[in-house]
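Report on the structure given below.
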Amino acid sequence: MTSHDRDTPPLSSLFQEVILDHYKRPRNRGDMDDATATVHMNNPTCGDEVVLRLKLNGNTIEDARFEGVGCSISQASISMMTQLIKGKTPAEAVTLTRRFTELMHGDESAARDRQLGDLRALAGVSKFAARVKCALLGWNALEEALKDQDSPSE
Ligand code: ZN
């Protein structure tokens, strides 16, 4: 096994820090006037709730914002997700969703996938089935939001 610095993360405390940082200082949190898609999702088993708003411009996710309440995992995950999908195409966002879902199912190659950026900090969550739902909440909202975009009204 080659130990290319970030590839084999040794410390879960570092990851805890990343998660808490996003929880305490959420990125892209807030309302959006000109959203092209708005999706509300909740995770009753934990009490997490998110509202995701996307602004699609042509084939680009120009903006992504969220509002939400709930545990640190759910809020940190969607905070990181909004950072990651901005500027991406919907198809790229779908690929990232699939990759992150694999990560939550314990896929080791996903845990080393640089595409996922800071989201790899959530890899340890895959060991806790109940928390996987928390981590996937924002991504479920993203899937819904992109579904709405599939049929442009023209
Ligand atoms: Zn939760």
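The values are calculated or read from the model by the stated rules, or taken from the named source; none is laboratory data. Here the structure is a predicted model, which is why all the values come from computation and not from measurement. Backbone-built Cβ (ideal geometry, glycine too); neighbour counts: all protein chains shown. Calculation scope for accessible area: heavy atoms of the full protein, side chains included, ligands and nucleic acids excluded. Shrake-Rupley method; radii C 1.70, N 1.55, O 1.52, S 1.80 Å.
What Kirkwood Rh does the chain have if only Cα atoms enter the pairwise 1/r average? Answer in Å.
15.6 Å
Considering only G30, A64, A76, and ranking their Cα positions along the charge dipole of the chain that arises from unit charges at the beta-carbon of Lys, Arg, Asp and Glu, the one farthest toward the positive end is A76. In terms of accessible area, using a 1.4 Å probe and ignoring ligands and nucleic acids, C134, C71, C46 rank largest first as C46, C71, C134. A Förster distance of 41 Å, applied to the separation of the beta-carbon atoms of R114 and D33, puts the FRET efficiency at 0.75. Listed by chain and number, the aspartates and glutamates placed with their C-alpha closer than 16 angstrom to that of K147 are E92; residues fewer than eight positions away on the same chain are left out. Principal semi-axes of the equivalent ellipsoid, √(5λ) from the alpha carbon gyration tensor of region 63-133, are 18, 16, 9 Å from largest down.
With a cut-off of 8 Å between alpha carbons and a minimum separation of six or more residues, what is the relative contact order of the chain in percent? Relative contact order of the chain: 26 percent. If the segment from K147 to V94 were pulled out straight at 0.36 nm per residue, it would be longer than the present Cα-Cα gap by 18.1 nm.
Listed here are the pairs K24/K127; K86/K133; K24/K133; K86/K127; which of them are more than 27 Å apart at the Cα? In this structure, K86/K127 lie more than 27 Å apart at Cα.
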